[in-house]
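Presented below is the structure to which this report refers.
The values are calculated or read from the model by the stated rules, or taken from the named source; none is laboratory data. This structure is a prediction, so every number in the text was calculated from the model and none was measured. We place every Cβ from the backbone using ideal geometry, glycine too, and count neighbours over all the protein chains shown. For accessibility, only protein heavy atoms count, side chains too; no ligands or nucleic acids. Shrake-Rupley method; radii C 1.70, N 1.55, O 1.52, S 1.80 Å.
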Amino acid sequence: MTRTTADVTFLRGYNQALVMAVGRTARTFERSTVVGATGLTPQAVSKVIARLTADGLIRPAGVRRPGIGKPAVVYELVPDSRYAIGAHVARRTLRLVLVDLAGTVHHSAVSPLPGDFTPEQLLDALRSGIDAIPGIDDLRGRLTGVGIGMIGPLDHAHGLVRDAHGLRHWHDVPLREIAEAHLGLPVHLDKDVTAGITAEAWRHGGTFGDAVLIMVESGIGGGFWLRGTAHRGAHTNAGEFGHTVVELDGPLCVCGRHGCLEIVHNRAAEAGDIERAARVLAIGVVNLLQTLDLAHVVLAGADLLRHAQPYLAAVEEAVHSDVPRADWLSTDVRLSSLGADVIAAGAAMQVLDKHFGLPDLAPL
């Protein structure tokens, strides 16, 4: 492919993604809506709308008749034209969801994983779980791919699980490659918390500024959304929030260090002292806010959601009392809008993002 052809192909795909993002954000839209939100020319928008309509991704939804001028065709996204499957791989469980082009979760199921599971055991569980999704055979022609939100450390750029904490069989495993071969579908691999913050960004749209998703589910991680995009770091391994040290002479953590936030928190939770566990987490959150000056904190994870109110109260109190000048350095704290599905749903949304949309738009 020549450089000129490559540039044109990229531009066509980028413009299509912008229009799809408008369709995902607005319930209905016109050509002028897209022009205002994207900065594309009316002629370019007309060409993209024609292609997307031909592909069945959007459809006419009526006509708006202004007082002066020609009627304007109104369009809408066709949510069931494409789907993606999302997987959340935790240390004890596998959660699978089916998500449509609008980001709606149509199916969610969780199944146990063997203790200290191997890559082969995970692949078999993935295939069995996908085959068990109701109506999956009728949807295969509309499946875009499978997104996997996985325990780290993880090399997103190369599709490798480097050394998943607490799992002995996951040293430099090329999960993206072997999963594609095993499932016969395109696979997108990312860290669990990065997938989760992507889902929250989809839900909140353009109002979602710099943010973190804190997940507590057997381990503790943080997924970051900075300047309108997921932040993965120089080695795509950002998010090891639970492995920041809060107690210098503390207990040994699974990562090999002493006194990590995760192990200090888990010891308190295992002893039944949820208030102390929540306070430990809250201290870590305040440390993040002091470092990154974030506008939003989203709390998620099955272990946290079982005690949602104590955790929410502890983090809110710490944010309001421990951050200097909280009246000025204000931060919104909330529970995940997708509950236990947030990681799996975000992994599916990342697959859809890769093909059909971008989250950053001018205000609609």
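In the condition set (1) open to solvent by 10 Å² or more (accessible area, probe 1.4 Å); (2) at pLDDT 95 or above; (3) under 23 Å from Glu217 (Cα atoms); (4) not in a strand (DSSP E or B), Ile130 is compliant with all but (1).
When residues of region 185-213 are filtered for being open to solvent by 20 Å² or more (accessible area, probe 1.4 Å) and in a strand (DSSP E or B), how many remain? Show your work before the answer.
Here is the first cut: in region 185-213, the residues open to solvent by 20 Å² or more (accessible area, probe 1.4 Å) are 185-186, 188, 202-207, 209-210.
Okay, now just the ones that are also in a strand (DSSP E or B), so 188.
The total comes to 1.
Scanning region 38-66 for residues that are in contact (Cβ under 8 Å) with a residue 60 or more places away in the chain and touching a Phe, Trp or Tyr at 6+ places or on another chain (Cβ under 8 Å) gives a single hit, Leu57.
Could you look through region 214-245, keep only residues that are β-branched (Val, Ile, Thr) and part of a loop (DSSP other than H, G, I, E, B), and pick out the one that is nearest to Val285 (Cα to Cα)? Across region 214-245, the extreme among qualifying residues is Thr244. Taking region 22-91 as the region of interest, the strands (runs of 3 or more DSSP E) fully inside it that hold 1 or more residues being over 30 Å from Glu180 (Cα atoms) are 58-64, 72-77. A count restricted to region 252-300 and to residues that are farther than 13 Å from Gly219 by Cα and of a type outside the set (A, V, I, L, M) stands at 15.
Among the residues of region 144-155, is any open to solvent by 80 Å² or more (accessible area, probe 1.4 Å) and modelled with pLDDT of 95 or more? Quick ask: steps written out before the conclusion?
Just the residues of region 144-155 that are open to solvent by 80 Å² or more (accessible area, probe 1.4 Å), to begin with: none.
The answer is no, given that none of the residues of region 144-155 is open to solvent by 80 Å² or more (accessible area, probe 1.4 Å) and modelled with pLDDT of 95 or more.
Restricted to region 237-264, and to residues that are buried (at least 20 other Cβ atoms within 10 Å of the Cβ) and under 22 Å from the mean Cα position of the chain (by Cα), which residue is farthest from Leu292 (Cα to Cα)?
In the first step, residues of region 237-264 are kept if they are buried (at least 20 other Cβ atoms within 10 Å of the Cβ); the result is 238-243, 253, 260-264.
Imposing the further condition that a residue be under 22 Å from the mean Cα position of the chain (by Cα) reduces the set to 238-243, 262.
Working: Ala238: 13, Gly239: 13, Glu240: 15, Phe241: 13, Gly242: 16, His243: 17, Glu262: 20 Å.
Per the stated criteria, the residue is Glu262.
Looking only at region 98-120, which residues are more than 16 Å from the chain's Cα centre (by Cα) and part of a strand (DSSP E or B)?
Quick first cut of region 98-120, residues more than 16 Å from the chain's Cα centre (by Cα) only: 106-107, 109-120.
Hits for region 98-120 are His106, His107, Ala109, Val110, Ser111, Pro112.
Among residues of region 247-262 that are without any contact (Cβ under 8 Å) to a residue 24 or more places away in the chain, those with a beta-carbon under 8 Å from a residue that is open to solvent by 90 Å² or more (accessible area, probe 1.4 Å) and assigned to a loop (DSSP other than H, G, I, E, B) at least six positions away or on a different chain give the pairs His258/Leu248; His258/Asp249; Gly259/Leu248; Gly259/Asp249.
So in region 293-309, with the set limited to residues that are assigned to a helix (DSSP H, G or I) and either within 21 Å of the chain's Cα centre (by Cα) or among the β-branched types (Val, Ile, Thr) (or both), which one is surrounded by the fewest Cβ atoms within 10 Å (Cβ to Cβ)?
Taking region 293-309 first, the residues assigned to a helix (DSSP H, G or I) are 302-305, 308-309.
Keeping just the survivors that are either within 21 Å of the chain's Cα centre (by Cα) or among the β-branched types (Val, Ile, Thr) (or both) gives 302-305, 308.
Numbers: Ala302: 19, Asp303: 18, Leu304: 26, Leu305: 17, Ala308: 14.
That would be Ala308.
You will find that of Arg325, Arg334, the residue that is outside any helix (DSSP H, G or I), modelled with pLDDT of 90 or more and surrounded by fewer than 20 Cβ atoms within 10 Å (Cβ to Cβ) is Arg334 and no other.
If I ask for residues that are β-branched (Val, Ile, Thr), modelled with pLDDT of 95 or more and open to solvent by 60 Å² or more (accessible area, probe 1.4 Å), which ones from region 68-122 would you list? Selection gives Val110 alone. Whether a residue is surrounded by 14 or more Cβ atoms within 10 Å (Cβ to Cβ), modelled with pLDDT of 95 or more and of a type outside the set (D, E, K, R) was assessed, and Leu312 passes this test.
Tally the residues that are open to solvent by 70 Å² or more (accessible area, probe 1.4 Å) and over 17 Å from Leu101 (Cβ atoms), restricting the search to region 24-59.
Of all residues in region 24-59, those open to solvent by 70 Å² or more (accessible area, probe 1.4 Å) come to 25, 27, 31-32, 41, 43, 47, 51, 54-55, 59.
If we keep only those that are over 17 Å from Leu101 (Cβ atoms) as well, we get 31-32, 41, 43, 47.
Residues that pass the stated criteria total 5.
The combined condition, being touching a His at 6+ places or on another chain (Cβ under 7 Å) and part of a strand (DSSP E or B), is fulfilled by Arg95.
Let me confirm something: among Ala277, Ala318, which residue is modelled with pLDDT of 95 or more, farther than 30 Å from Val105 by Cβ and either among the charged types (D, E, K, R) or part of a helix (DSSP H, G or I) (or both)? Quick ask: steps written out before the conclusion?
Working: Ala277 fails: farther than 30 Å from Val105 by Cβ.
The unique qualifying residue is Ala318.
Of everything in region 278-291 that is more than 26 Å from Ala344 (Cβ to Cβ) and out of contact with any helix residue (DSSP H, G or I) (no Cβ under 6 Å at 6 or more places or on another chain), the residue that is surrounded by the most Cβ atoms within 10 Å (Cβ to Cβ) is Leu289.
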